[in-house]
Amino acid sequence: MMILINNTIFEINNNETEAQRLGRMIKYLRLSTGMKREDFANYFHIPLGTVRDWEQEKRNMPEYVYELIEYKATKELLMEKEENEDGKNK
């Protein structure tokens, strides 16, 4: 199965667990912002160890938490990144 996150196709393996799927998705989302794990954790007020454990699939992240983080990242971080890139191209 494929889903679209921030204009990028993300492949979902039907055999993976929810923790694996969400762990990969949160890692991809963080990488798409260009943030290091520590900066990402600080920005969203999440303990660094929690973000690390999500990404390494050691801890289950509730799906609603991912959705909230994705919403905020899309609205704030990624829009800001696009605006900065547009300003440089002028």
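The values are calculated or read from the model by the stated rules, or taken from the named source; none is laboratory data. No experiment lies behind these values; they were computed from the predicted model shown. With ideal geometry, Cβ positions are generated from the backbone for all residues, glycine too; neighbour counts draw on all protein chains shown.
Couple of notes before you dig in:
For (1) in contact with a helix residue (DSSP H, G or I) (Cβ under 8 Å, 6 or more places away or on another chain); (2) polar (S, T, N, Q); (3) at pLDDT below 85, each residue gets a yes or a no:
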site	(1), (2), (3)
14	no, yes, yes
22	yes, no, no
30	yes, no, no
35	yes, no, no
49	no, no, no
63	yes, no, no
72	yes, no, no
79	no, no, yes
84	no, yes, yes
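- Qualifying positions in the stretch 44-62 - assigned to a helix (DSSP H, G or I) and under 19 Å from residue 21 (Cβ atoms): 50, 51, 52, 53, 54, 55
- Residues located in the stretch 23-66, provided they are over 24 Å from residue 80 (Cα atoms) and either among the aromatic types (Phe, Trp, Tyr) or in contact (Cβ under 8 Å) with a residue 40 or more places away in the chain (or both): 54, 57, 59, 60, 61, 63
- The combined condition, being surrounded by 16 or more Cβ atoms within 10 Å (Cβ to Cβ), assigned to a helix (DSSP H, G or I), hydrophobic (A, V, I, L, M, F, W, C) and at pLDDT below 90, is not fulfilled by residue 41.
- Residue list for the stretch 64-80, restricted to those being surrounded by 12 or more Cβ atoms within 10 Å (Cβ to Cβ) and either outside any helix (DSSP H, G or I) or more than 12 Å from the chain's Cα centre (by Cα) (or both): 76
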